[in-house]
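> This is the structure, below, for whatever I ask next.
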Amino acid sequence: MIPDISPLDDTALHSALQARIDGKTKPLGSLGRLEALAVQIGCILGASSPRLAQPQLVVFAADHGLAAQGISAYPSDVTWQMVENFLAGGAAVSVLARQHGLALTVVDAGVRHDFAPRPGLTLRKIGPGTADALTGPAMSEAQCAAAISAGREVVQALPGNALLLGEMGIGNTSAAALLLARLTGQPIELCAGRGTGLDEAGLARKVRVLRDVLARHALATAPLAALAAFGGFEIAMMSGAVLQAALERRVIVVDGFIASSAVLVASRLQPEVLSRCIFAHCSDEAGHALMLRALDAQPLLTLGLRLGEGSGAALAWPLLESACRLLAEMASFESAGVSRQSDPEPGTAPTR
């Protein structure tokens, strides 16, 4: 179920990519993060002239039984209604996917609704939402394993060399906060945020509920045990997708708090997945900065987003394309006949 992920340890390729970007007509390092991004993408794809092909934005959707405890400002029906909105092309991520030429797939990982089959929808429902984690494990071990395997299979069936992660599920900021607290030891008060827009009283209630959930599942400390205890189906499926994409050396573009929680789980199972991950942004959800620090990740953007859906990943995508184009198309000092900084002026002796 859990594949072995090898390190990206081609030092010759890394050196060649770094030398190539350093040799472009610019002061050394003057393109900032784009330079490191170009090198990382090249190392992931194993190419000195990396090209991003057929990028796939996959939104995993599922419901959470814990939502019955009033931990969200929206009712659970919003999950299936938003799936319909994605498929109709009316959601923010739908607009951004069209703008940036991203193939959009919505995966029913465990929504409490029966969808009619149609293009753009992949039906991999594990169950009609997870169980209430306050009264028992959100998932059984078998359901958790099935969700991880399904996520791997979803990626295997998709073309391209880049995966952008998105999600939808009322209550899933709670599941992500629980995973962050358990797997990093951070206090739940720092991990839990307002989600879809809770007021102060709602946030206080959410924290109380999550504290009780953590206490109930005090023995669920290993990554898979914590994932099964807290859910959800979409997070487990995303974890499987991350593992498979890393195995296939696809570039993985990670969206916000919930997508990062799936990467957190996957990285605790196979640490080398992180070398394949590019973190799109730091969201406005309270625990995301903590999550990124735990993953030693530097996000590309900080826009105050807290929508999810893969919206931040889609917004960051053009930066990846720009990094690759600069590496491929920007002239070198030699090809453009431009003097390097250390080159002597014509007619002068070199300095020593």
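> Between (i) 20.2, 62; (ii) 19.4, 68; (iii) 21.7, 82, which entry matches Rg and Dmax of the Cα atoms in Å as derived from the coordinates of this structure?
(iii)
> Based on the mean of other Cβ atoms within 10 Å per residue, sort peptides 33-40, 198-205, 17-24 so the most packed one is first.
Output ranking for 33-40, 198-205, 17-24: 33-40, 17-24, 198-205.
> Among 288, 113, what's the order by accessible area (1.4 angstrom probe), most exposed first?
113, 288
> Something else about it: Taking all protein chains in place and a 1.4 Å probe, what share, in percent, of the accessible surface of the range 217-352 do carbon and sulfur account for?
52 percent
> Another question, then. If I fit a long axis through the Cα atoms of helix 311-329 and take the longest principal axis of the Cα atoms of the chain, what angle between them do I get, 0 to 90°, rounded to 10?
20 degrees
> At 1.4 Å probe size, what's the solvent-accessible area of residue 291? Round to the nearest 10 Å².
0 Å²
> What does the accessible area of residue 230 come to, in Å² to the nearest 10, when a probe of 1.4 Å is used?
10 Å²
> In degrees from 0 to 90, rounded to the nearest 10, what is the angle of the helix 33-45 Cα long axis to the longest principal axis of the chain?
80 degrees
> Residues of the range 135-223: accessible area per residue at 1.4 Å, in Å²?
39 Å²
> Quick check for you: with a 1.4 Å probe and neighbouring chains kept, what is the accessible area per residue of the range 1-102, in Å²?
Per-residue value: 44 Å².
> Rank-order 71-78, 240-247 by packing density, defined as the average count of other C-beta atoms within 10 Å over each peptide's residues, highest first.
Going from most to least packed, we get 240-247, 71-78.
> What residues qualify as long-range amide H neighbours of residue 167, i.e. H under 5 Å apart, gap of 5 or more or another chain, H built at 1.01 Å from N?
Amide H neighbours of residue 167, under 5 Å, 5+ apart: 60, 309, 310.
> Enumerate the calculated ³J(HN,Hα) couplings along the range 332-338 in order (Karplus 6.51 cos²θ - 1.76 cosθ + 1.60, θ = phi - 60°), each rounded to whole Hz, writing x wherever the residue is Gly or Pro.
My calculation for the range 332-338 gives 8, 4, 5, 5, 8, x, 9 Hz in order.
> Follow-up. Among 250, 98, 124, what's the order by accessible area (1.4 angstrom probe), most exposed first? Mind dumping the intermediate values first?
On the way: 250 15, 98 145, 124 80 Å².
The most accessible residue leads, giving 98, 124, 250.
The values are calculated or read from the model by the stated rules, or taken from the named source; none is laboratory data. A quick note: this is a predicted structure, and the numbers were derived from the prediction, not measured. All Cβ positions, glycine included, derive from the backbone under ideal geometry; neighbour counts span all protein chains shown. Ligands, DNA and RNA are stripped out before the accessible areas are found, and what is left, the full protein with its side chains, is counted by its heavy atoms. Shrake-Rupley method; radii C 1.70, N 1.55, O 1.52, S 1.80 Å.
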